[in-house]
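Bear in mind these aren't lab numbers, they're just calculated from the coordinates by the rules spelled out. Computed from a predicted model, the values in this text were never measured in an experiment. FYI the Cβ positions are ideal-geometry reconstructions off the backbone, even for glycines, and counts take in every protein chain you see.
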Amino acid sequence: MTRPPVPPFTHDAAVTKVRMAEDAWNSRDPDRVALAYTPDTVWRNRSEFLRGRDQVRAFLTRKWQAEHEYRLIKEIWCHAPDRIAVRFCYEWHDADGQWFRAYGNENWQFDAEGLMAVRHASINDLPIAEPDRLFHWPQGPRPDDHPGLTGLGL
């Protein structure tokens, strides 16, 4: 299975890849998201270490059962021929209604078919009050006219 754009990445292709990932994660569909990774993908997400699409799918299912009204923005930091680094923020609330903004960085490595083989994520959660939220679009992909992280001063 090929998942364009594929390496080697130009700047524009890397930016496209980042937005495609953002849109997929904002779908909150574990099956859709998992297809972007190699069958034997290796992840480090906070303190969890995952191997393979099945573990990724299970992780994402748990994640989105706990993180309500999840909305994410990703922004490219830099890229190499088969690697992309991003920074991101997402907002969500727990079952008690406490809102959080998660800040993080990801390092991605891709195979020749454009599937992500390795993902390392470092993430910190900050409790926020509802009036401090910045991500107010309807559930799903971020509208094209909604500011990114730099535009929001994040």
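For the chain, what relative contact order do you get, as a whole percent, if you take Cα pairs closer than 8 Å and at least 6 residues apart?
27
Please state, as a whole number in µm²/s, the translational diffusion coefficient that the Stokes-Einstein equation yields for region 99-147 at 25 °C and 0.890 mPa s, with Rh defined as the Kirkwood radius across alpha carbon pairs.
180
On C-alpha positions alone, give me the angle between the axis of helix 53-66 and the longest principal axis of the chain, in degrees, nearest 10.
Rounded to the nearest ten degrees, it is 10.
With a sphere of radius 14 Å drawn around the Cβ of ASP82, what net charge do the other residues whose Cβ falls strictly inside it have (Lys, Arg +1; Asp, Glu -1)?
Result for the local shell: +2.
Between helix 11-27 and the chain, what is the angle of the helix's C-alpha long axis to the longest principal axis, kept within 0 to 90° and rounded to the nearest 10?
The answer is roughly 50 degrees.
Sequence-distant or interchain residues sharing an amide H contact under 5 Å with TRP77, placed H: which?
ALA85, VAL86, ARG87
Can you list residues from other chains, or at least 5 along the same chain, whose modelled amide H is less than 5 Å from the amide H of ILE128?
For ILE128, whose amide H was placed from the backbone, the distant partners under 5 Å are TRP99, PHE100, ARG101.
Given just the C-alpha atoms of region 11-132, how large is their convex hull per residue in cubic angstrom?
97
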